[in-house]
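Data block below; observations after.
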Amino acid sequence: MMKPALVFDWNGTLLDDADALLQTTNTILGRFGRGAIDMQTFRDHFDVPLTVFFRNLGMSESEIETVDSHDGAIFHDTYEPLASKADLREGARCILETARQQEVSSIIVSNHIVDPLITQLRRHRIEDCVSEVLAFESRATQYKGISKGERLRLYMRAYNLNPSSTFIVGDMPVETDIARELGLISIAITGGFVSETRLRAAKPDYLIEDHHKLLPILQERGLFSELITTQSMTEIPSTATAGKVRQRIGLIGARHMNRHWTQSFCVMALNCISKSTQPMLARNA
């Protein structure tokens, strides 16, 4: 039997590191005497591999060669300390925990590097929610070898994943392109590395602004079973926040909470928000 799955991009999609990457970009531009850019300019021009992005910003080939030398040390040594302070995107932890509870695989496919990515999963205490990380092995191999789409295609074939019930969530047009190529359901998320205009132009199946809007889509498409009960909706006051809940039960970190109780909180929060703001169906926008 072919299985469903959730596939997530990492940077800008699960990890809220757009500011970290903008700061890194401006540090690199400043190194060559170039002026800083703002977030809108960043989102209008960002692309991968990073050499394309820097070329889009008008950097010379010699400057780009310098940034790319020594396996991109200038970039990575600037970016990683900033990214180590980045939070997860809003609602990301809850959707991952809900998928784990529902026994739906969550897979990360990324152009980042495996080791720092796994370090981030551990820092955010979500490593037990992720079934597989598909990324580059090292700085030396980044953007060399097979693409994200091909890596995912090989993985799906090896693990018998059903394309028609596999969702890919990303903050760049490339994830929509991968979905179209592999027959997946595409969900683009704004607030990451590219502008909403560019995301809409790629024509994803759905366009959302945060992960809170993802759960009703997945329920509507039959990926998750019915999660809300009267009991679970009354367990926690609707005004509670995750921080208040942890304080109330005297525990530190959601991973140490009773799993059923954590799930009830996450689902309640997601559904309460989704009632007031429904996800946008991009093809009808």
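Values quoted throughout were computed directly from the atomic coordinates according to the rules given, and no laboratory measurement underlies them. The structure presented is a predicted model; accordingly, all values stated were derived computationally and were not measured. Don't worry about glycine lacking a Cβ; one is built from the backbone with ideal geometry, like all the others, and counts go over all protein chains shown.
For the stretch 146-188, chymotrypsin sites (Phe, Trp or Tyr not before Pro) meeting the loop criterion (DSSP other than H, G, I, E, B) and having at most 15 other Cβ atoms within 10 Å: Y159. For K3, the residues whose modelled amide H falls within less than 5 Å of its own, excluding neighbours fewer than 5 places apart on the same chain, are L161, N162. Is the stretch 1-124 best put as rounded, prolate or oblate by its Cα gyration tensor, with a ≥ b ≥ c the root eigenvalues, rounded for a/c under 1.5, and otherwise prolate when a/b is larger than b/c, oblate when not? Judged from the Cα gyration tensor, the stretch 1-124 comes out prolate (a/c at least 1.5, a/b above b/c).
Look at the alpha carbon pairs under 8 Å that are at least 6 residues apart: their mean separation over the length of the stretch 33-147 gives a relative contact order of 20 percent. Under the combined filter of DSSP loop state and at most 11 neighbouring Cβ atoms within 10 Å, the stretch 63-127 retains these trypsin sites (Lys or Arg not before Pro): K85. Annotation for the stretch 70-117: GluC sites (Glu not before Pro) lying in DSSP loop with at most 16 further Cβ atoms inside 10 Å of their Cβ are E90, E103. Per residue, the convex hull around the alpha carbon atoms of the stretch 18-83 comes to 76 Å³. Scaled against the 2.2 N^0.38 Å expected of a compact globular protein of N residues, the Cα radius of gyration of the stretch 65-165 reads 1.21. Distances between placed amide hydrogens fall under 5 Å for L88 paired with D16, all partners being 5 or more residues away or on another chain. As a length-normalised measure over Cα pairs under 8 Å and 6 or more apart, the relative contact order of the stretch 18-83 settles at 38 percent.
Take the Cα of K203, step 7 Å toward its Cβ, do the same at T66, and the gap between the two points is 4.3 nm. Derived scalar couplings between HN and Hα for the stretch 99-111 equal 4, 4, 5, 8, 6, 9, 5, 10, 10, 9, 10, 9, 8 Hz in order, rounded to whole Hz, by the Karplus curve 6.51 cos²θ - 1.76 cosθ + 1.60 (θ = phi - 60°), x for Gly and Pro.
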